[in-house]
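The values are calculated or read from the model by the stated rules, or taken from the named source; none is laboratory data. Everything numeric in this text was worked out from a predicted model, so none of it was measured. Reconstructed Cβ throughout: ideal geometry from the backbone, glycine too, with neighbour counts over all protein chains shown.
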Amino acid sequence: MNTVRCIARLDVKGPNLVKGIHLEGLRVLGRPEVFSEYYYKQGADELFYQDVVASLYERNGLHDLISKVAKFSFIPLTVGGGIRSIDDIKKMLKAGADKVAINTAAINNPSLISEAAEVFGSSTIVIAVEASKQSDGSYLAYTDNGREHTGVDAIKWAQQAAELGAGEIVVTSIDNEGTGVGFDTELINKISSTVSVPVIAHGGAGKPEHITDAIEAKANALAFASVLHYDYIANNDSSASEEEGNTEFLKKNMSFNKIKPFSIKDIKKYMHNNNIPCRTL
Amino acid sequence: MKNKDNFKLTIIDYGSSNLYSVINACKTFGIEPEVSSDHNTIKNADAVILPGVGAFNEAMSNLQRLGLIEPIKEFAQSGKPFMGICLGLHLLFERSAEFGNTEGLGLIKGSIKKFPSNMEQNFKVPQIGWNLINKADNNNWEKSPFSTIKEGAFMYFVHSFYADAEDPEVILSKTKFNDVTYCSSILKNNIFATQFHPEKSGDLGLEIYKNWFSNIIQ
């Protein structure tokens, strides 16, 4: 059976799980390990962590978090952010990650993909493509968590990354990310139709129906962030640490407009009812 | 039968593998494995795990370089519990088509082949994800560490190549991916091996470790 994976995506800044819109304006939501455990128990197929400030500081600070999570979460853990060398990958795997996601360092030095695939195997190397649609209809790739414009065509880059040995491609739509308007199906379809490795669609999920759209656009796996995090917050006590970041959002108990929170369980139920093959517990 | 405190489990270290999750799974059951490439440690172990991520030919040349081919074969033939995971299943076979033709350990008859990809049907390779394990046409399931697992359970797979076993009697489970139905685990006397990663297959995967241990530790 060819199943579709449902991945919980956690953007992390320092000790906190954060969420922005278009990868900006980060709100503090709570402690990532607490959310992780909830997603594991709900039946998430994989957990994907992104250190959103790693490229800026040129280091990934998630080693301790990953070691902690790996002790209770026996599903694949993927970690991205600031991974720049074979040594960085080694350290992250040693901390307990199963795969690493690379964007900035791979665009700057594509041969890192083939080197890393040779040492660790293709399936350990995920290439993260952050793309934004241009006025002429093309998609360009960005780095440093959507901050830096590269001028690289995102579709061609994804194809090149797959040819160099990436085991899978996670495609983030910067335009749709955090908005709840749905996945960028044009972007997903363009990339998935040209690469022979699995494609993870990320950015924009706001209601279960968006899953069907992404599957029709040939996504092989789906990553969810806002919808899951807001579902957790709606059903659990806050786990936010007060010391750091913008917690105003949590304190004011603000509501969400475009996003209707739903859980991993809701996702699996929707997929099951719509004959989309997926893992059930 | 030994108890947890004097039981010696060795995880074979031959370079490229990511061993952390296998170690973690063992620790969940109070077992502290030793990670080693030392011949005597392997020889004197009560049970051995051969893990593996990466390429077949590189793994075989690493085993060769470390002089581990004979110690692994001897251990597997000693009758003591032996578990292979992912590439650790592939290596047990006679040969692989991965990057040319490479000879394997030859403990199980058959070869390793590549999944076909088909863009029109959106059949991607590698398989990265969860898939079902179903019983083979024999009674291996009940006498294996799957005995408490329901047929059709989901396990986590990561691979581009699959095992084509010649002897149907060694097949423990079958799985279908991209129109290929293949051998997703084997059981041959003391040799137990899975294509999927039980240590990454949630609580059901851990149950497989638990069952394997409960048969060999008091």
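Here are some conditions: (1) in contact with a Pro (Cβ under 8 Å, 6 or more places away or on another chain); (2) surrounded by 24 or more Cβ atoms within 10 Å (Cβ to Cβ). A:R31 meets all but one. Which one does it not meet?
Just one mismatch for A:R31, condition (2).
Could you say which residue among B:F161, B:F157 is under 13 Å from the mean Cα position of the chain (by Cα) and within 12 Å of chain A (Cβ to nearest Cβ)?
B:F157
In segment B:96-134, how many residues are within 20 Å of A:E118 (Cβ to Cβ), assigned to a loop (DSSP other than H, G, I, E, B) and at the interface with chain A (Cβ under 10 Å from one of its Cβ atoms)?
2
Checking the structure you have, find out if any residue of segment A:116-128 is assigned to a strand (DSSP E or B), closer than 30 Å to B:G52 by Cα and among the charged types (D, E, K, R).
no
Identify the residue in segment B:176-185 that is more than 8 Å from every other protein chain (Cβ to nearest Cβ) and among the polar types (S, T, N, Q) and, among all such residues, is nearest to the chain's Cα centre (by Cα).
Filtering segment B:176-185 for residues that are more than 8 Å from every other protein chain (Cβ to nearest Cβ) and among the polar types (S, T, N, Q), the one nearest to the chain's Cα centre (by Cα) comes out as B:S185.
Out of the residues in segment B:1-52 meeting the condition of being of a type in the set (F, W, Y) and either part of a strand (DSSP E or B) or within 14 Å of another protein chain (Cβ to nearest Cβ) (or both), tell me which one is surrounded by the most Cβ atoms within 10 Å (Cβ to Cβ).
Within segment B:1-52, the match that is surrounded by the most Cβ atoms within 10 Å (Cβ to Cβ) is B:Y14.
Examine segment A:128-151 for a residue that is within 14 Å of another protein chain (Cβ to nearest Cβ), in contact (Cβ under 8 Å) with a residue 24 or more places away in the chain and under 30 Å from B:N57 (Cα atoms), and state whether such a residue exists.
No - not one qualifying residue is present in segment A:128-151.
Tell me whether segment B:53-60 contains one or more residues that are over 22 Å from B:V158 (Cβ atoms) and more than 12 Å from every other protein chain (Cβ to nearest Cβ).
No, segment B:53-60 has no match at all.
Any chance segment B:135-147 includes a residue that's assigned to a loop (DSSP other than H, G, I, E, B), facing another protein chain (nearest Cβ under 7 Å) and without any contact (Cβ under 8 Å) to a residue 12 or more places away in the chain?
Scanning segment B:135-147, I find no residue that is assigned to a loop (DSSP other than H, G, I, E, B), facing another protein chain (nearest Cβ under 7 Å) and without any contact (Cβ under 8 Å) to a residue 12 or more places away in the chain, so the answer is no.
For segment B:122-134, which residues satisfy the criterion of being surrounded by fewer than 19 Cβ atoms within 10 Å (Cβ to Cβ) and in contact (Cβ under 8 Å) with a residue 24 or more places away in the chain?
B:F123, B:N134
Please return the ranges of helices (runs of 4 or more DSSP H) entirely within segment A:172-238 where 2 or more residues are among the charged types (D, E, K, R), closer than 26 Å to A:T104 by Cβ and modelled with pLDDT of 95 or more.
Qualifying helices (runs of 4 or more DSSP H): A:185-192.
In the set A:E186, A:E163, A:E177, which member is in contact with a Leu (Cβ under 6 Å, 6 or more places away or on another chain) and more than 21 Å from A:E58 (Cα to Cα)?
A:E177
Residue-wise test of (1) more than 14 Å from the chain's Cα centre (by Cα); (2) within 12 Å of chain A (Cβ to nearest Cβ); (3) under 22 Å from A:D45 (Cβ atoms); (4) assigned to a helix (DSSP H, G or I).
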{"residue": "B:L172", "(1), (2), (3), (4)": "no, no, no, no"}
{"residue": "B:L187", "(1), (2), (3), (4)": "no, no, no, no"}
{"residue": "B:F196", "(1), (2), (3), (4)": "no, yes, yes, no"}
{"residue": "B:G205", "(1), (2), (3), (4)": "no, yes, yes, yes"}
{"residue": "B:W212", "(1), (2), (3), (4)": "no, no, no, yes"}
{"residue": "B:N215", "(1), (2), (3), (4)": "yes, no, no, yes"}
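So B:G67 clears everything in (1) surrounded by fewer than 23 Cβ atoms within 10 Å (Cβ to Cβ); (2) in a strand (DSSP E or B) except one condition, right? Which one?
(2)
Sort through A:K91, A:K68 and tell me the only one that's on the phi < 0 side of the Ramachandran plot, basic (K, R) and at pLDDT below 95.
A:K91
I'm trying to understand the selection: among the residues of segment A:37-80, which are of a type in the set (A, V, I, L, M, F, W, C), crowded, with 24+ Cβ neighbours inside 10 Å and facing chain B (nearest Cβ under 9 Å)?
Once the filter is applied, which keeps residues that are of a type in the set (A, V, I, L, M, F, W, C), crowded, with 24+ Cβ neighbours inside 10 Å and facing chain B (nearest Cβ under 9 Å), segment A:37-80 yields A:F74, A:I75, A:L77.
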